[in-house]
1. How many residues, within region C:57-69, are over 11 Å from the mean Cα position of the chain (by Cα) and facing another protein chain (nearest Cβ under 7 Å)?
2. State which residue is nearest to the other protein chains (Cβ to nearest Cβ) when the search covers only region C:86-95 and only residues that are touching a residue at least 60 places away in the same chain (Cβ under 8 Å), in a helix (DSSP H, G or I) and under 19 Å from residue D:70 (Cα atoms).
3. For residue C:34, indicate whether it is out of contact with any strand residue (DSSP E or B) (no Cβ under 6 Å at 6 or more places or on another chain) and in contact (Cβ under 8 Å) with a residue 12 or more places away in the chain.
4. Is one or more of the residues making up region D:66-79 closer than 14 Å to residue C:99 by Cα and without any contact (Cβ under 8 Å) to a residue 12 or more places away in the chain?
5. Considering E:79, E:74, which residue is surrounded by fewer than 24 Cβ atoms within 10 Å (Cβ to Cβ), within 14 Å of chain D (Cβ to nearest Cβ) and under 27 Å from residue B:117 (Cβ atoms)?
6. Does residue D:31 meet the test of being within 23 Å of residue D:122 (Cα to Cα) and in the same structural domain as residue D:128 (by TED's automatic domain parsing)?
7. Working only within region A:96-131, note down all residues that are within 8 Å of another protein chain (Cβ to nearest Cβ) and farther than 30 Å from residue C:116 by Cα.
8. Can you say whether residue B:57 is out of contact with any strand residue (DSSP E or B) (no Cβ under 9 Å at 6 or more places or on another chain) and assigned to a helix (DSSP H, G or I), as far as the supplied structure shows?
């Protein structure tokens with residue numbers, strides 16, 4: 001991925017490490033899938049969300065994943081990304097129960113269908129991870 | 001509010017305590033504002049979100065407020081409730097910085113306008129609370 | 001509004017009658033407010049939603065207003081139009097109670113904030129109408 | 001499902017009856033699918049939407065299903081639940097035509113794609129039901 | 001499709017020509033798919049979006065497709081229609097690069113998941129078109 | 001704003017120039033309003049949307065503003081940002097008519113309320129700008 005480097009190498013490197021630590025292989029798969037359609041978007045995805053946001057102090061990674069799982073469940077338009085971030089939640093130390101509670105709570109703020117659809121995504125991720 | 005009691009007194013009582021602890025006066029104001037339009041909805045609001053959800057074990061209240069602040073910022077359709085829950089976040093021990101980080105992160109998942117509008121709601125709440 | 005007439009006079013006339021019967025003065029105010037920004041949009045608003053949709057057989061006007069009140073409450077992005085259609089619901093024979101129940105039910109499908117915001121819009125309309 | 005019973009048996013029993021009457025087997029399938037991921041959410045789904053909301057007087061079941069079909073079509077994020085509620089609409093006496101009209105009307109409030117996607121869900125349900 | 005004709009033949013004819021020019025076969029497929037569920041909706045789809053809107057002067061077709069691709073990407077609830085309009089963008093002269101840039105920009109306004117999902121729809125359309 | 005500089009000065013400088021050229025004073029007001037709540041978010045807002053996205057080749061600024069106006073109108077949750085970008089559209093050479101057409105077209109994709117609310121925002125901006 002050296003072709004993606006730019007003068008702002010530190011953000012890219014920080015982002016790449018954060019992406020690997022948080023999303024694991026799933027993050028790399030998204031980056032790879034972008035190669036022939038929008039390679040610059042892969043770079044921006046690494047630099048801004050991961051290089052700029054997830055590496056900020058002030059909020060621990062577990063809370064950051066609670067926030068992301070909650071938001072993606074509530075929006076209801078991002079099942080593939082919710083899947084990645086439920087796995088990311090496990091990666092950074094959230095328990096299965098904490099993830100399920102976060103999703104259930106969204107019934108209050110975005111309705112039961114949003115929570116149901118989120119729970120079924122979680123069911124799939126937990127099965128694949130054997131947790 | 002004795003007129004709201006029903007056979008299921010324990011959920012209502014648990015919910016009322018949770019609402020007071022989490023939302024403080026702001027929660028009671030919402031309940032009061034519903035009295036002449038939909039008093040039963042005030043009871044349901046106390047029983048389901050607060051009696052059933054926020055009192056569940058498995059996710060601490062700080063994480064529950066991170067989830068709610070994230071979701072309401074991302075949805076962008078619930079400024080009055082976001083205001084209540086930013087105050088609730090402070091009530092249950094989130095720092096000003098943790099709340100700001102949660103909202104900023106939503107730029108990644110729901111766009112910059114959602115995060116900006118959330119930050120300006122937070123600014124108003126922090127000013128009112130003197131934090 | 002003769003300047004808005006077009007070859008398709010029957011849709012426009014049917015729509016204008018439907019708009020007046022359903023939305024009353026509030027509909028006319030919207031049409032007037034569009035005059036200096038997008039007069040053609042006023043014509044399209046009369047022709048498509050009112051001339052083409054609300055005048056169709058197969059669903060009575062009361063049910064049409066239940067559908068509209070439900071959808072606008074759930075979307076949460078259209079308070080001015082929800083206000084017009086809560087008044088329209090009263091115009092076509094829905095009771096205050098039926099409107100409140102429709103909005104409350106949206107807590108299940110779009111979350112409590114959506115329902116709360118809808119109820120407060122209804123409260124305002126009922127106060128203005130003295131019902 | 002005796003393991004789901006709680007002190008508030010009447011809400012659960014009322015909800016279970018309402019769920020069976022309205023959603024039929026489809027409702028039970030959702031409850032079953034939740035068993036190994038979030039069994040408590042199955043109980044909450046029965047108690048709040050069905051025990052608390054659908055059993056309320058003040059709005060007939062046909063109108064409640066018009067409201068739900070309208071809202072889920074407009075939101076556009078809940079195809080599985082829209083499917084269940086189009087079938088539920090038929091169960092409580094809505095005609096095929098009334099359901100189609102409700103969905104078509106959403107073009108006005110949520111755009112043509114929302115209405116189109118809703119109509120294609122309805123087409124699938126009607127085919128399965130042979131109506 | 002003569003059964004769809006109505007007194008307002010000019011709008012229908014104008015719309016049919018615009019639909020064919022912009023959406024090509026994909027538009028006709030949608031119209032055909034509506035035949036047994038909601039044939040009138042096929043007529044309305046031709047008359048309002050295509051007969052009334054896309055044929056208006058004041059904004060060129062390339063800009064109209066930029067607007068539609070942007071909006072459908074941002075909403076995130078209309079993948080089938082986004083697919084049709086990415087192809088339509090190519091039909092009216094947008095380059096592959098202009099379409100990719102439009103979708104990427106939506107990361108700013110609707111978040112990275114919306115942009116990612118839009119890019120993957122574009123990837124599929126470009127592959128099918130061999131561009 | 002020297003306190004906002006970081007090692008990645010070129011993105012920040014490029015972004016600041018783009019922000020000034022596109023959004024004019026309105027952009028600076030947003031940056032200033034963030035100073036006491038989230039100064040880093042002001043920097044990120046300049047660097048990512050303006051430094052990284054708007055300065056990319058491959059789509060002209062007029063088309064970028066058509067895309068943004070369309071998306072913000074369709075989402076319906078970002079009136080303050082829509083206001084800024086309708087003014088930005090005028091700044092980069094869109095005519096009043098092109099902006100109105102872009103917003104009207106959103107009735108097709110996000111419904112009439114979204115288009116109406118967008119038109120009323122435009123009316124306000126045009127009045128303030130005297131166009």
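1. Residues in region C:57-69 being over 11 Å from the mean Cα position of the chain (by Cα) and facing another protein chain (nearest Cβ under 7 Å): 3 in total.
2. Just the residues of region C:86-95 that are touching a residue at least 60 places away in the same chain (Cβ under 8 Å), to begin with: C:87-88, C:91-92.
Okay, now just the ones that are also in a helix (DSSP H, G or I), so C:87-88, C:91.
Narrowing the set further to residues that are under 19 Å from residue D:70 (Cα atoms) leaves C:87-88.
Details: C:87: 15, C:88: 13 Å.
Filtering first and then ranking leaves C:88.
3. no
4. Yes, that holds for at least one residue.
5. The unique qualifying residue is E:79.
6. Working: within 23 Å of residue D:122 (Cα to Cα): yes; in the same structural domain as residue D:128 (by TED's automatic domain parsing): no.
Considered against the rule, which asks whether it is within 23 Å of residue D:122 (Cα to Cα) and in the same structural domain as residue D:128 (by TED's automatic domain parsing), residue D:31 comes out as no.
7. Answer for region A:96-131, where residues must be within 8 Å of another protein chain (Cβ to nearest Cβ) and farther than 30 Å from residue C:116 by Cα: A:123, A:126.
8. Numbers: out of contact with any strand residue (DSSP E or B) (no Cβ under 9 Å at 6 or more places or on another chain): yes; assigned to a helix (DSSP H, G or I): no.
Here the answer is no, as residue B:57 does not meet what is asked.
The values are calculated or read from the model by the stated rules, or taken from the named source; none is laboratory data. Computed from a predicted structure; not experimentally measured. Cβ atoms come from the backbone with ideal geometry, glycine included; neighbour counts cover every protein chain shown.
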